[in-house]
Every structure is written in C-alpha cells, then in structure tokens.
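Have a look at the structure below before the remarks.
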Amino acid sequence: MTPVNFAHSSSRRYPFFMASFAEIERLALALSESERATLAAKLIDSLPEVDSDDNDESRAVRFKKVNSSMLRKVRYDPKNRFLDVVFRTGERYRYRDVPLDEYNGLMNAESHGKYMQTHIIDSYDVVRLEN
C-alpha cells in the first residue's frame, strides 16, 4: 500500500500516514454492528468491477440489478452467507446466514418480490444498512 500525503488547502504538508492492520481493526471494532455492515457494503461497492463467474467465491461480490417492482439490486456473499438487498425505496438491508440455495431461488423466481416476502423477509436475521 502506498502512503498517502494529506495536504491542507494552505499548502501546509502533513506527515505521511499509513495505518497498521491492528489500528484499522481497533477502529472497525469500535463501530456498531450496523455501522460495520454499512462500512463493509461501501468497501465492497468501491471495488473495481471484475469479470467473474457467479460461483467464483474468490472474486468481489457485486450487486445485480433485478427486474422487480419491490427490489432494485441484490448481492450475495457465499463465503460469509449474507444477502444484501436494495429496495425500490432506496433502503438497504443485509440478511444473515442465508444459504446459497435461497439466493438462487430468489434470483430464479418469477417474482423477486413475492419470493422475498415468502422466503426471506422475517426468515433471517437482518440489519438495516445506512445509505
């Protein structure tokens, strides 16, 4: 990782700063569970696009747009078993411990909204992510 030189508008130079993993971990653990989930979602969103097979767990997890009157985008992390959903209202939720079969069922459903209501909402632990 290349150190970043932070400069103030007055052209005064600040020393190079590079946080250690332990410092970053300490800061992250000081956040609430919801804040950590939001931070993780934003970090994943900031990753560059990659061409990958949907089943390749070593690649970045990306949102997929869905054609639904209830949902905008969905993404699934098979390693951590979380399902992130962006509703048409813009609200974002993370459902935890969702099996891969459930994600596949959602993505292959004739109605994504009906599948969400029947199989996912109220069936898994959920945290609302801040926008």
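Please treat every number below as a calculation from the coordinates, not as lab data. Source: prediction; values computed, not measured. Quick reminder, even Gly has a Cβ in these numbers, built from the backbone with ideal geometry, and neighbours come from all protein chains shown.
Please report the net charge: other residues with Cβ closer than 15 Å to the Cβ of residue 114, K and R +1, D and E -1.
After counting each charged neighbour, the total is -2.
Using mean Cβ contacts within 10 Å as the protection proxy, how do 82-93, 61-72 order, highest first?
82-93, 61-72
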